Amino acid sequence: MTEVVEQASRRRTIAVISHPDAGKSTLSEALLLHANRITTAGAVHGKGGRAATVTDWMEMEKARGISITSAAVQFEHEGAIINLVDTPGHSDFSEDTYRVLSAVDSAVMLVDAAKGLEAQTMKLFDVCRRRGIPIITVINKWDRPGRDALDLMDELRDRTGLVPQPITWPVGLSGVFHGLLNVASGHMERYHRTPGGATIASIDTLTPAEAEAEFGDDWTTAHDEAAIVGADAAEASAAAVTPVLFGAAVLNIGVRHLLDLIVSAAPAAVVRVDEKGTERSLDEPFSAYVFKVQSGMDPAHRDRVAFARICSGRFERGMIVTHAQSGRPFATRYAQQVFGQDRATLEEAWPGDIVGLVNAASLRPGHTLYEERPVTFPPIEPFAPEHFRIARSTESSRYKQFRRGIEQLDEEGVVQVLRSERRGDREPILGAVGPMQFEVVADRMEREFRVPIAWDALPYSIARVTDRASVEVLARKRECEIVERSDGSLLALFSNEWRLLILQRENPELMLQAPTGAG
Ligand code: GDP
């Protein structure tokens, strides 16, 4: 085995997907507490009285207590190197999450035991399903009254089509959490809580006889339920199964099992295919795929960091690689592994790892970097915007800064800039998946470019991808407006479904396609 293949086989590149408030930050912190943290890249954000962590660099993020930007953290467990990539929880940033999920090889779906599968969890699950990303399910907050375990497994099956395979099962109803049945060993693990969950909970192991003597019906029920649910999983194909764990992230219960499971069951760095569908094997020369671009992380230096996932080969700081989209050389002298305010220079990295490339003005989400043999990975398709506004600078003397700022936010994928022939460049249309993206735009325009923004509402809510031939006809219609995205694709904007339907019925030859990748 070559060193690259060996290093790649140790990597587990994962993201946690969940609805806001399910406990993702708490779980991320708990994972770091258990594992040997190698570097911090701001994957966790402090809440609920815990110390703030590095992703809190963005003022708006702090004010709202949500994670808007994504970064990664790397840590080691049992010889494996886990790259935990952060995803924003709020649905308004689902396009960002979609891009992040293109960089991971598996996902942890975190579910609140009282709430089950919530809307945002399902949206993100669908993205994982479309990308074929395997999922580990964690039922969190078992220390609080919630739903019945079997009921949650039914919902999981019905709504995701996945067959749950219990790895642990709770002893005691939610809210009366005595401990966990470890399905593989058949033993019970009883947890001793530590105050506030600030350190790792200590564990006793009880034999089945001891567990039954102490917990009676609660133990036998756990045992029987896990067996019933597990029987179905034994018959299902591996791809249809989701391993399931129960726990309470806030008390550090079940976290160790999750780490062990990530090491034993989550895929190692997966071989990536290029835009023609050909594999780039892990031991080919270096290649990487940009999934996120972020500026303004360090207020002292107005720089732009591109986050890339390594797909093949060894990365060494200082190497000169090729930027596939421009054909130009790209120097990696400023590669960093640590993002947020806390940065460290990265010297080498392997498939599955995430690198932050500083001063990466030419890189955009979806771009490829490679060494020696050329490769281009598939681009990331933009989401269908659903909210549209016109942006104006309230200070006409700062028009140049306005243009530059809007262009940069478009390149980063913060918002989609839509050019319309009907309107000038002074008042571009901005398209967003969620309205909070506009707040990010206004906030960053003001802070980074010193340009206060005013908004004009637009009546549109639907976008359809169209082509040049259809535009000839559509441009004459009053019921829609044609705009062009910065990648050259054309969209027709409609104010409601009816107008679209009528137009389609009268002009069946027109291309009006629902954009793919829409959440
Ligand atoms: P996020 O929005 O998904 O990142 O959720 P947080 O990690 O911020 O958690 C949301 C709330 O749930 C916080 O008040 C946490 O303390 C609480 N929480 C997280 N995990 C647990 C758990 O296992 N049990 C209980 N009772 N509360 C939890």
| task | Hand me the list of strands (runs of 3 or more DSSP E) wholly inside region 350-440 holding 3 or more residues that are crowded, with 22+ Cβ neighbours inside 10 Å and on the phi < 0 side of the Ramachandran plot. | result | 354-358, 368-370, 387-393, 429-432
| query | Any idea which residue in region 128-146 is nearest to the ligand (Cβ to nearest atom), counting only those that are outside any helix (DSSP H, G or I) and more than 15 Å from Leu173 (Cβ to Cβ)? | reply | Asn140
| Among the numbered criteria (1) buried (at least 19 other Cβ atoms within 10 Å of the Cβ); (2) more than 30 Å from Ala149 (Cα to Cα); (3) basic (Lys, Arg), which single criterion is violated by Arg317? | (1)
| Taking the condition at pLDDT 90 or above and either more than 15 Å from the ligand (Cβ to nearest atom) or closer than 20 Å to Cys311 by Cα (or both), does Ile38 pass? | no
| remark: Among strands (runs of 3 or more DSSP E) completely within region 247-323, the ones holding 1 or more residues that are in contact with a Gly (Cβ under 9 Å, 6 or more places away or on another chain), at pLDDT below 95 and among the aliphatic types (A, V, I, L, M) are 287-295, 304-312
| Quick check: anything in region 158-168 modelled with pLDDT of 95 or more and out of contact with any helix residue (DSSP H, G or I) (no Cβ under 9 Å at 6 or more places or on another chain)? | yes
| task | Identify all residues within region 71-94 that are within 17 Å of Ile133 (Cβ to Cβ) and part of a helix (DSSP H, G or I); write none if there are none. | result | Ser94
| task | Can you confirm whether region 164-172 contains a residue that is in a loop (DSSP other than H, G, I, E, B), within 15 Å of the ligand (Cβ to nearest atom) and within 25 Å of the chain's Cα centre (by Cα)? | result | no
| task | May I ask you to list the residues in region 229-270 that are surrounded by fewer than 24 Cβ atoms within 10 Å (Cβ to Cβ), within 16 Å of the ligand (Cβ to nearest atom) and not hydrophobic (A, V, I, L, M, F, W, C)? | result | Arg256, His257
| Matching option when the condition is within 15 Å of the ligand (Cβ to nearest atom) and at negative phi, among Glu118, Glu95, Glu155 | Glu118
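Yes/no per residue for (1) at pLDDT 90 or above; (2) within 14 Å of the ligand (Cβ to nearest atom); (3) touching a helix residue (DSSP H, G or I) at 6+ places or on another chain (Cβ under 8 Å):
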site	(1), (2), (3)
Glu6	yes, no, no
Ala15	yes, yes, yes
Ala22	yes, yes, yes
Gly42	no, yes, yes
Lys47	no, yes, yes
Ile66	no, yes, no
| said: Can you report the number of residues in region 505-519 which are free of Cβ contacts under 8 Å to residues at least 40 places away in the same chain and either closer than 27 Å to Ser94 by Cα or surrounded by 13 or more Cβ atoms within 10 Å (Cβ to Cβ) (or both)? | reply: 1
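The values are calculated or read from the model by the stated rules, or taken from the named source; none is laboratory data. None of the values given here were measured: they were computed from a predicted structure. As a convention, Cβ positions derive from the backbone with ideal geometry for all residues, glycine included, and neighbour counts pool all protein chains shown.
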